[in-house]
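The values are calculated or read from the model by the stated rules, or taken from the named source; none is laboratory data. Remember, it's a predicted structure, so these values are computed and weren't measured experimentally. So basically every Cβ, Gly included, is an ideal-geometry build from the backbone, and we count neighbours across all protein chains shown. Just so you know, the surface numbers come from the protein's heavy atoms only, side chains and all, with ligands and any DNA or RNA stripped out. Shrake-Rupley method; radii C 1.70, N 1.55, O 1.52, S 1.80 Å.
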Amino acid sequence: MSNSTIYDVSRLAGVSTATVSRVFSDPKRVKESTCSKVYEAAKILNYHPSAIARAMAKQKTDKIAYLICKKGATILDEFYAGICEGVMRQAKKYKYQLLISTEEEWRATEQSKQIDGVILAGDAQADLILEFQRQGVMVMLVNHRLPGFDLPCVIADEYDGVRQVINFLVEKGHSRIAMLDGRISPYIAGERYRAFLAAMKEHGLSVDDPGVMMCDKDVDSAMQAAMELLGRPDPPTAVFAVNDVLAAGVMKAARRLGMRLPDDLAVVGYDDSSVCSLLDPELTSVRVHCRQMGEEAAGNMLECLSGEKPCRQLTTVPVELRIRTSV
């Protein structure tokens with residue numbers, strides 16, 4: 001008798017364990033070519049289809065989960081709620097039950113054995129990913145990439161977003177452009193920082209002179225950092241902040257220093273959150289299409305789980321600069 005497992009069949013066929021389940025329990029829902037691959041793998045491994053079907057029947061749930069991996073976050077977090085909306089639409093389309101949680105709540109309840117796949121949005125940690133993989137759960141990342149893990153992911157085009165910001169500011173006549181980088185997601189902060197360096201270099205502009213300043217992720221910390229930037233002998237004429245909360249801190253600092261916006265200082269944020277229209281002047285920001293990211297992630301995962309299409313490893317969603325009166 002073969003010692004091969006259902007996970008061996010999944011690995012050899014190059015499909016998820018949930019797809020193997022469907023091949024033997026409901027092959028009409030799976031593409032013929034996918035069925036052929038699974039049958040061939042089972043034959044090579046000397047594993048009887050009936051044994052696979054019985055084993056997989058215990059695993060198949062028609063449930064996926066969406067977890068927000070951000071410290072202190074709730075499911076009402078604006079950015080991640082937008083992604084969740086897209087995930088919900090696809091789950092409904094494919095008739096999957098969707099479980100929504102934060103990473104902290106999920107770890108506390110240990111529900112992970114009850115799902116076929118999980119979408120991890122934000123700063124997913126290696127130990128959580130490894131635990132899901134150990135249980136044969138398909139893992140998809142959103143707004144995050146993790147070195148050492150060859151996982152399918154959906155990201156926004158961070159480089160193009162920052163490039164749009166710098167191109168616009170240069171067109172407006174700015175050459176002394178500073179950046180306020182925050183201790184947010186290491187992946188996002190790093191991508192936007194590298195994009196800033198590249199975009200400034202494209203225009204032959206110095207980064208060292210106007211400066212790049214780090215701060216914590218709250219408004220007051222951003223204000224204090226911006227006060228230092230703007231208090232220099234030859235201050236920047238424009239500041240790019242890595243998100244809208246930090247940009248609000250820059251605007252607060254400028255007002256304390258008696259600067260007029262945008263006459264004395266142009267400010268640009270990132271994410272195009274609801275705070276943009278609440279500020280005075282209204283904040284120019286890079287729009288990230290959160291719902292589309294969620295739709296792409298869930299659609300990719302559910303097509304893979306159902307055997308309709310092979311999984312795309314990388315999906316990059318376009319972004320756009322929303323110009324308002326802060327520049």
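Per-structure values
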{"read-out": "Unpartnered cysteines - no second Cys beta carbon under 4.7 Å - across the chain", "value": "35, 69, 84, 153, 215, 276, 290"}
{"read-out": "Spin-label pair residue 263/residue 167, simplified geometry with 7 Å Cα→Cβ offset, distance in nm", "value": "3.1 nm"}
{"read-out": "Amide hydrogen neighbours beyond the local backbone of residue 142, cut-off 5 Å, H modeled", "value": "120, 121, 122, 154"}
{"read-out": "Spatial extent of the range 241-327: Rg and Dmax, with the Cα atoms as the point set, Å", "value": "18.1, 61"}
{"read-out": "Residue pairs, from the table 92/309; 37/93; 70/92, whose Cα atoms sit over 21 Å apart", "value": "37/93; 70/92"}
{"read-out": "Potential lengthening between residue 135 and residue 89 on full extension [0.36 nm per residue; Cα-Cα distance subtracted]", "value": "14.0 nm"}
{"read-out": "Helix 32-44 axis, angle to the chain major axis (alpha carbon atoms, nearest 10°)", "value": "60 degrees"}
{"read-out": "Whichever lysines have a C-alpha closer than 24 Å to that of residue 71, once near sequence neighbours (fewer than 8 apart) are set aside", "value": "113, 217"}
{"read-out": "Between helix 219-230 and the chain: long-axis angle, C-alpha atoms, 0 to 90°, nearest 10", "value": "50 degrees"}
{"read-out": "Kirkwood-based Rg to Rh ratio, the range 154-250, C-alpha trace", "value": "0.94"}
{"read-out": "Acute angle (nearest 10 degrees) that the helix 290-306 long axis makes with the longest principal axis of the chain, alpha-carbon atoms", "value": "10 degrees"}
{"read-out": "Accessible surface, per residue, of the range 121-245 when the full set of protein chains is kept, probe 1.4 Å, Å²", "value": "42 Å²"}
{"read-out": "Solvent accessible area, Å² - residue 191, 1.4 Å probe, full protein context", "value": "40 Å²"}
{"read-out": "More than 30 Å apart - percent of Cα-Cα pairs taken over the chain", "value": "43 percent"}
